[in-house]
Each structure stands twice: as structure tokens, then as C-alpha cells.
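S.K.: Can you keep this structure in mind? I'll have questions shortly.
Read-outs: derived from the displayed coordinates by stated rules, not from any lab. None of the values given here were measured: they were computed from a predicted structure. Here the Cβ positions follow ideal geometry from the backbone for every residue, glycine too, while neighbour counts run over all protein chains shown.
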Amino acid sequence: MKKTIFIIAALLVMGWNPANSQTQKGSVLIKNATVLTITKGVLEDTDVLVENGIIKKIGRGLTASNVTTIDAKGKYVMPGIIDAHSHVALDAVNEGTAPITSEVRMADVIDPYDIGLYRALAGGVTVSHAMHGSANAIGGQNITLKHRYGSGNPDDLIMKDAARTIKFALGENPTRVHGRGNGIQPRSRMGVEAVIRNGFNDAIQYKKTWETYNNALKVKGATPVPPKYSERLQTLVDILDGKIIIHCHSYRADEIYMLINVCREFGITNIVFSHVNEGFKVAPELAAYTMGASVFADWWAYKFEVYYSTAYNAAILTQNGVITSINSDSGELIRHLYHEAGKAQRYGELTDEQTLALITINPAKQLGIADKVGSIEEGKQADLVIFNDHPLSVYAIPQMTFVDGVKYFDINEDPNDMRLRVAATESIEPIFLKEHDHKCMHGVDFFFTNFGRSLFDHEH
Amino acid sequence: MNPKIQAFKYVLVLALFLSFQNIKAQSDPSGEKRVTGTIAIKNATITTTPGKTITNGTILIKNGLIEAVGTNVNIPREAQVILADSLFIYPGFIDGASTAGVGKFADPEKPSNYNPANPSDEMAGITPWRNVMDVYDNKNNQIYDWRKSGFTIAQIVPEGGMISGKTAVVVFGNQSSTNILSQNSALAVRFQGARGSSRAYPGTPLGIMAKFRDVYKNTELSSRHSKLFASNAGLNRPEINKTYEALYPVVDKNIPVLFEVSDDIEIRRALSLQKENGFRLILVGVSNVEKVTNEIKAANANVLLSLKLPDDKVTKAKMEELSEEMQARTKRIQDAYHNILKQASFLEEAGIPFGFTSMGAKSGDTFKNLRVMAENGLTENTALAALTINNANILGIQKFAGTLEKGKLANMVILTAPLLDEEAQVKHVVADGFMYDYEVKAKKNGSGEKNGSNGSVAIDGFWEYTSDTPAGSSSGTLEIKKEGDSYKGTITYDNPAGGGQASSEMKNISLSGTNLSFSFDVAAGGMSLVVNVSGEVSGDQISGNLSLSEFGSFPMNATKKPKSF
């Protein structure tokens, strides 16, 4: 009895502790909309009932008491857009000081005050994959964010039930930063492969060392000496054990194929390639051995290794059975990913459903969250966007954006100043005119000195 | 700052002062020599601890300890008696974290095979074995400055990288003593990357967080290995690592981590490291603290708030001249500014027993900033607690410091008015039983007439000044001309390069009411040092201070002379 009271008391205390507080969940009834479910077709004149953050029911003539009702007649409802490659809401992007930094965590450097989150919401984006930059062959552990803008607590932004992911990078960025910048491996594409292989082989040894120690501990009276701990190697062990999805910055077909082979050799199947501008050349391989490709709609030729590409990339990949998504890698593009997806349709003549999948269910699959978000289905989390027009129309403008059933953006309640905090001394804050630049190389731009601005102006 | 420039500045300052070859006077208001160790301070208003005040009380100090406090104290014959009618006595202030008198450790040499991806701990800024006392100079002017503002005890913090070393607690007493109250009292940690830009690991908060975890975890494992080795045969010897060894007291929770943080985001980062690893935590330099008071309480972390306040650049904005959009923006900045002024009262409201730290603050602003915080909700009792007993508790020295009670160390500050009163000035400070006397400036003639006196102050003309420094006195002239609404001028001073006087242009001359301020550059060998001067003009006299940024500030007095051509 005493014990029970103690447990109840403990629960009460923990319940009161705001550090353990739950994120807000909302309830709402959206009536009479054209519902673009993505996975279950288009439902005309349909209602969506959200209860406590979850899609409870999809159908006609739904009613609910004590729930905000929104009449969406003539409007379109689609799942919240998911950006599989973003650097929004991060204080630091690149720990560009070592070729392998798998120990660093983007979750440590979330900036919950970033106005970029609100701008993304205004573009219908509810989930973004906040990634480490591309300075290192093996970068940091990424974090999947739900855009619950407003609390100022970084923890509230983390999608707790998302899969673990990590950033890898091939090609010019890691070779420039470490090889040319610091005179260490990798200095060439071969070096990048070697760094990754050596990393995995070290991880195998590391795993054995700890297994031996832990087994020795089980023997009665044994006093084994603990080995050194390395979160860097432990993270690589977790990749080998299939607990982490690799998201790899890549451009050229040869290096993509190289990493596919390395992964096959080490038994790794959880890998997504990012950018993948030459992905169309290795589409069957990407379809067979990876979790897909996350590409730009029509952006290339910003540096040597990315001169060869095509606006048909997304369509070719899709038609070859590659799980394909379109990402932003930019605080500007994230505001109109539905237009970016529309470009893939313009060139490759994908269907509406295929096209919208590029920014919803497909990125959800690549992030390991497709059972929770990415489509409008009963039981899924209620991340929803209401558009005035079909989202693939050039006239489409998001009207309202919901995360977990809570409305975080409403075009009719959109004050001029949505900043969560301002500096106490600056009357005008600096405006970054280059905000549209890709941020993959954020924090390491000084490496571009003497390489010619026109060629290296873009930073991805 | 570039260490070379830093070193050069020291040389420059030294040169500036060594050229004044005056012998120190024999009488001793500096408190360094005393006639008797027994001092009685009579008939004062004594606040022994926040909320407890004795009127017409007497404090008897004997050989560095408080012998008695009360209204009925027998004064022995050998006592030096100070008549303190109309004076206010408080416990000597304790500075939770300070860099006063703290020098720099020598920078490590970059090895020829240096790999920025895997630098040595020293190159990475991880030097927990360092003891701040090794670079502490108890004759540094900063100590005089802070003592003059009522501070008698401070926790001094080593500068450096992410884990810079161990702090110490010192008393600002007589120079002949080491003045150490405790050494290796806390581990200084900050979000600071490896030396030499972001190109060495760890270079960003990402790497710093990961590196901290790595070092902490491996310290625990190293400690376990050492303990096993000590009590078992047949084991491999532990690899002795001075980083881990220096961290054993932290993982054993014998000493806390003193974590320098800026805003709520960094506070949360420090708290998450604490939550994962379980060390004792003191947060230093908090701001936006109202966002995280619950989390701080849940973590049972101690908090030190800086006495520094930002310059007010916005509250006097001419709103009516701004567009509607700019008005709204300016309003937000004003709110943000006021929010910083309210940090102390937010902590008070949340019931967090915080202390003050001088980190980043100027000693001369102490009382002014306390008053500003009080105007923004901080109560006098909490202000005093944050200066005394709270810091004594945080530093674990409450047994012998923090209040005025029999048996505690004789540290106190004696003011001309209550702590938060506009007129409060420090008249005496007793530190470690030594008495330090300070000149009290005459009261301003009727504070209500400040504006009226505006036109009556004329600074244009020719002035002669002297400035007292610990090394002697320096002198020179000021020549100020009025040009329209502004002033131009030239200052002369003893040439630091030797050989008579040098002169510089006076910059940013500003006269606000009777407050004069300006700055000038002392140049030598292509380098320059900025000297800031501020003072009160009263008729033909200016009395003020000459301040050399981190080297401290020194009194300066000027008299107007008819210029002889």
C-alpha cells in the first residue's frame, strides 16, 4: 500500500515537472474539403476529424461537439509537407573539423526561435529533417523536427518517434575541407571511400571489444577492465546494426554506386541518397539497394561535380521504382516545396499522386516515419495543410497549417512580426540577402577563398 | 583577443605607469599596513544578513574575525575606533565568479604534426588540471577596483577553452597573504571551441557537446579502471591521463561544474549535459532565465547572474518620428531591453536563490546597476542575499562568510546610505580584517536641479589633471574647445615610450548634465590602447576616473587654469 502511494506520488511529481511536459495536441473538424490523401486517392466533399492530435475519422457528414469546425468548401486538404533535407532551426550545421563526426547530434543545437520555422509552416511544411552539413565524409546525427513553433523549447520541436538518421557526404565538399583545407584524408573520392570503410571496420573492432568486456562482466567474481568509450564508433556500430538511416550528400553516379557497394559489403540497407543529381544514371541500383533518393527539382551547375543533371531526374527515378522525394536544403525553397514538386510534374509528366508523394509519403518513408505522417489516413498524426487551390496549381497558397491537430499558421491571422524574440540592442537586425543559398556548407564558407566566387557561390 | 596584442598591452600599461616614479606615501588609506588588528565601528546601521538590521550598533573586529556585533559591545582600549554614525554596514560582497587578477596561461605550441581533426587536449582547450592560482596576481588593479565596490571575496575562474581548469576562492585582503580560502573549488566549463578558429575539433557547439560527453564518460571508465587496479591483481595497468585524473573530483561529485552560459538555449544545453551525467552544476552568466526557471529548479542547479546590464540604446527612441512598422519593431526591442533588466526579479519570483557574478561587468557600475535592477522589481533583501549569503552558500563558505556574525571572517562594506539608495557610496571596506578607506564625493547640489545646472557647466578651456595609480601619480593637461554643440580637445600625458609628454586627440567628448566623458588613444609602436575618462564637473574641478579597459580604473582630478600663452 505504502509503495503504491509512493508510486502515485512520484507520478504526480513527475506530471508536474514541466521538463517532462507533453507537446500540445489539438482537435479540429475540417468539413467539405477535397481531401488529397496521397495513399488512398482523392476524396471530394469530405470531412476530416482530428481528435487529440490524431486523425480520428475521414468521411462525409461528420460531427463533433466542442471541437473547432472549419468549413473548407472549395478548398484542398493535404498532408503536411515533409522536407527530407533541411537546415532550418539549427545554431550550427557543420562540425567541419574531422572527417568522421558521427558523435555529434543536431538535437544539441536546435534553435527553437528560428523564424524559418514559421516561414516553413506558411509553406505548408510541418516536418523537416534538420541535417548536419556536408563538410565531413561521415557527419553528425540528424534530427527530425515537427514545426511546433512558439514554445522556445528545443525539445518541443523534436519528433520523438522518428527514426535515427545520420549525414554522410561524398565528393568535393569533404575533400576540399579536409584534404585541401587541412592536408589530411580524404583528399580524393578514393579517400572518402577509405575514410568510410575504415570507420566501419574500426566500429566492428569496437563492438567486439565491448562485447568481450560485457561478456566478461557476466562471469562471477571477474574484474574486467573497461575499454575506452567512443560515441563516434558506437554510432557507426548502430548504423551497421541497422538502427540508423544514412542520408548521404552525393552528386555523381560513380560515387553513388561506390557507396551502394560499400553498404552492401557491410550489410547496410538503410540508406537514402540526397541531391543525387546523376541519380537517373543509377536508378535501378538505387531502386534495388536503397531507401531512395531525395533530389532538387531543377537545380544544378553550381559547381563542377554537379554540372551534369536534368529536370527529369525525379521523374526518371520515380518511374524506375526509386522512392523519390524533393527537398529544399534551403530556408527559401522550403516555403514552396509544392511548386518544386510541380516542376517534376511539368517535366516528367508524373501523376498528381506521384508528384505530391515526392513531398509527403516518400520523404516520410526515407525518414522512417511513414507509419505516422505523410498521408491522410485514420490513426495517423494530424499534420495537415489547407490550400485555397490544388497544391500543384501555380495559384496555390497555403491557408492553414496544422501540426498534431494544432493550428500553427493561418493566413488570416498572420501578424507582421512573428519573431519569438528580438535582440535588446539592435534597432534593425541584419538581413541575409543570400538566405536562398543552400546551407549544407554553412559555417565552412571560408574554405571557398581563392576558388572563384562564381563557381563556389552556392554552398551546398 | 590576439595574445600577442594582449601581451603588448601589458607592456604598454606597465610603461605608462613605471614612468611615474613617485614613492608611495607613508600614511595608509590603502589598508595595506595597519596600526592595530582590533577595530571597532560604532553607532552604525548594521545589516547582519538580509532582513536583519541593528540600528546604532557596533561591530568589533579582532585579528581578522568578527568578535562582536550588537548594540552593547565593549570596546577594548587597543581598538581603533571608527565613528560610523549615519553609516550603513553590510556583509562584504562575494563575487560568485570573477576574472579579477586572473592572468593567462601560456599558449601551447602547435606541434609540427598537428592534426586539427584530433588535437591534443591542451590544443582543444581541455585543461582541467590547471589551477587558476597559478596565474592569479593579487596585486592586480582589478582587485582594487572590485574591492572599492564592496567586494571582499571572489571565486576566480581561469580563462581558456571549453574546460579551462579549476577555480579558487580568494579574499581581497592584504597583499602579503596568498588570500586563498579554497583551491580547486569548481571546474570551469564553457561553450568554447578549440583554439585557432573553428578549424580544429571541437569547433562548434555540436563538437563541444559531444566532446564533453566523451571526456566525462571516459573519466568515469578511467576512474573505474584505477579503482579495480588498486584492489585486484592480474589486471593491466591503467593508462594515466591527466585530463581524466583532473576530472575525478567532478565525476565523484566532490566539486561542481561552473558552466558559463549565455541565454536560455545554452542553459538548456548545460542542463541536458547535467541530466545525462549527474554532476553538480553552477550556471554562470544566465539570461532569458524566465524561460527555464522550472528546469533550473528541477535540476537543482545554482545560478549566478551577471552584474552587467546592456547599454540603453532604445528606450529614448523618438517614437513619434518613426513609421508604424518601426514603432512596433522598436517597442519589441524596448521590451527585450526591459526583460534583461528584470532578470534578477524573475529569479527572485521563481524562488531561485541566485548570486551575482562580476563576469563581463564594470566595477564602477555595481551600485548603479543594482538600482536599475531594483527599479525593475528586485527587492533589497534579495539583492543583498545575491551579493552575500547566497554566494557564500553556492561556494560552500557559509560557515565563515556571508553574514556579519561573531566568529565569521571580518569582511564588510560600509556605505554612506542604504544599499540601493541613490546617494550610497562606499566609505570603507573591511576585507580579511584589513580596513580600506575611500574618498566620498560631496553630495550633488540638489538632485532635482540637475537640468538647471546644465548650462552652468563650462568645460571649454585649459585644465591640469593628476591621476593616481598604484605605481604613483601621473599628470598632464586637457585643452577643450567648444565648436557649435560639440567639443574638441587634446590631452597630454606622460609618454609611455619615455621622454616627457605625449598628446592625443580627445574623442567622443560628451557632457551630460555635469557628467563629462571622453576617450583617447595612447599609441606606441603601432599599437594603441583606449583610455576612457569619465568624471563629474563642478565649477573649476573635475573629479573622475581614468579607465584602461581590463587593467582597471584610477582616480583622476583636474583643475581649470587660465591658459598662459
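S.K.: Taking all pairs of different Cα atoms in the stretch B:93-401, averaging 1/r and flipping that mean, what Kirkwood radius in angstroms comes out?
M.R.: With all distinct Cα pairs of the stretch B:93-401 included, I get 20.9 Å.
S.K.: Please label the shape of the protein assembly as shown as rounded, prolate or oblate, based on the square roots a ≥ b ≥ c of the eigenvalues of the alpha-carbon gyration tensor (a/c under 1.5 means rounded; beyond that, a/b larger than b/c means prolate, else oblate).
M.R.: Prolate, because a/c is 1.5 or more and a/b exceeds b/c.
S.K.: Hey, another quick one. In deg cm²/dmol, rounded to 500, what helix-only [θ] at 222 nm does chain B give when every DSSP H run of at least 4 residues adds -39500 (n - 2.57) and the total is split over its residues?
M.R.: -7500 deg cm²/dmol
S.K.: Using +1 on the beta carbon of Lys and Arg, -1 on that of Asp and Glu, and nothing else charged, what's the dipole of the stretch B:93-401 about the Cα centre, debye to 20?
M.R.: So the magnitude is around 560 debye.
S.K.: Right, next: Based on alpha-carbon atoms only, what is the radius of gyration of the stretch A:90-237 relative to the globular estimate 2.2 N^0.38 Å?
M.R.: For the stretch A:90-237, the normalised Cα radius of gyration is 1.28.
S.K.: Rounded to the nearest 500 deg cm²/dmol, what is the calculated helix-only ellipticity per residue at 222 nm for chain A, with -39500 (n - 2.57) per DSSP H run of length n ≥ 4?
M.R.: Working: 12 runs with 121 residues, N = 460.
Calculated at 222 nm, the ellipticity per residue is -7500 deg cm²/dmol.
S.K.: Also: Setting aside same-chain residues fewer than 8 positions from B:LYS331, which aspartates and glutamates have a Cα under 13 Å from its Cα?
M.R.: A:ASP417, A:GLU426, B:GLU320
S.K.: In a shell of Cβ-Cβ distance under 13 Å around A:THR175, excluding A:THR175 itself, what net charge do Lys and Arg (+1) and Asp and Glu (-1) give?
M.R.: +2
S.K.: Net charge within 12 Å of A:ASN214 by Cβ-Cβ distance, Lys/Arg positive one each and Asp/Glu negative one each, not counting A:ASN214 itself?
M.R.: Taking every other residue near A:ASN214 into account, the sum is +2.
S.K.: Something else about it: Which of A:GLU278, B:GLU380, B:GLU423, A:GLU413 comes first, and how do the rest follow, when ranked by fewest Cβ neighbours within 10 Å? Mind dumping the intermediate values first?
M.R.: Working: A:GLU278 23, B:GLU380 16, B:GLU423 12, A:GLU413 8.
Listing A:GLU278, B:GLU380, B:GLU423, A:GLU413 from fewest to most nearby Cβ atoms yields A:GLU413, B:GLU423, B:GLU380, A:GLU278.
S.K.: In Å and from the alpha-carbon atoms only, list the Rg and Dmax of chain B.
M.R.: 25.7, 92
S.K.: Just the Kirkwood number for the stretch A:11-158, please: inverse of mean 1/r across all distinct Cα pairs, in Å, one decimal.
M.R.: Evaluated on the stretch A:11-158, it is 17.7 Å.
S.K.: Do you know the relative contact order of chain A, to the nearest whole percent, from alpha carbon pairs under 8 angstrom that are 6+ apart?
M.R.: It comes to 20 percent, rounded to a whole number.
S.K.: What do you get when you divide the Cα radius of gyration of the stretch B:167-315 by 2.2 N^0.38 Å, with N the number of residues?
M.R.: Computed over Cα atoms of the stretch B:167-315, the ratio equals 1.26.
S.K.: Using Cα centres only, tell me the gap between the stretch B:145-174 and the stretch A:186-230 in whole Å.
M.R.: The stretch B:145-174 and the stretch A:186-230 have Cα centres spaced 43 Å from each other.
S.K.: Helix B:366-375: angle to the longest alpha-carbon principal axis of chain B, degrees 0 to 90, nearest 10?
M.R.: 80
S.K.: Here's a follow-up. What ranking do A:PHE304, B:PHE88, B:PHE212, B:PHE172 get, fewest neighbouring Cβ atoms within 10 angstrom at the top?
M.R.: Least to most surrounded, the residues fall as A:PHE304, B:PHE88, B:PHE212, B:PHE172.
S.K.: Can you list the aspartates and glutamates whose alpha carbon sits under 14 Å from that of A:LYS56, skipping same-chain ones fewer than 8 residues off?
M.R.: Reachable aspartates and glutamates: A:ASP47, A:GLU377, A:GLU378, A:ASP383, A:ASP404.
S.K.: Could you pull out every one of the lysines with an alpha carbon less than 28 Å from that of B:LYS227, ignoring same-chain neighbours closer than 8 positions?
M.R.: B:LYS227 reaches A:LYS207, A:LYS208, A:LYS218, A:LYS220, A:LYS228, B:LYS166, B:LYS211, B:LYS217, B:LYS242, B:LYS253, B:LYS275.
S.K.: For the stretch A:379-412 and the stretch B:198-229, what is the separation of their C-alpha centers, rounded to whole Å?
M.R.: Centre-to-centre distance over Cα atoms comes out at 45 Å.
S.K.: Once both axes come from the Cα atoms, what is the angle between helix B:324-341 and the longest principal axis of chain B, in degrees from 0 to 90, rounded to 10?
M.R.: The two axes meet at around 80 degrees.
S.K.: How large is ³J(HN,Hα) for each residue in the stretch B:161-169, as worked out from phi by the Karplus curve 6.51 cos²θ - 1.76 cosθ + 1.60 (θ = phi - 60°), to whole Hz, x for Gly and Pro?
M.R.: Once θ is set to phi - 60°, the couplings for the stretch B:161-169 become x, 5, 10, 8, x, 9, 7, 9, 10 Hz.
S.K.: Would you mind classifying the stretch B:285-428 by shape? Square roots of the alpha carbon gyration tensor eigenvalues, ordered a ≥ b ≥ c; an a/c under 1.5 is rounded, otherwise it is prolate if a/b is larger than b/c and oblate if not.
M.R.: oblate
S.K.: Excluding B:ASN232 itself, what net charge comes from residues whose Cβ is under 15 Å from its Cβ, given Lys and Arg +1 and Asp and Glu -1?
M.R.: Result for the neighbourhood of B:ASN232: +4.
S.K.: Is chain A best put as rounded, prolate or oblate by its Cα gyration tensor, with a ≥ b ≥ c the root eigenvalues, rounded for a/c under 1.5, and otherwise prolate when a/b is larger than b/c, oblate when not?
M.R.: It is oblate, given that a/c is not under 1.5 and a/b is not larger than b/c.
S.K.: OK, next. Order of A:THR68, A:THR235 from fewest to most other C-beta atoms within 10 Å?
M.R.: The most exposed by this proxy come first: A:THR68, A:THR235.
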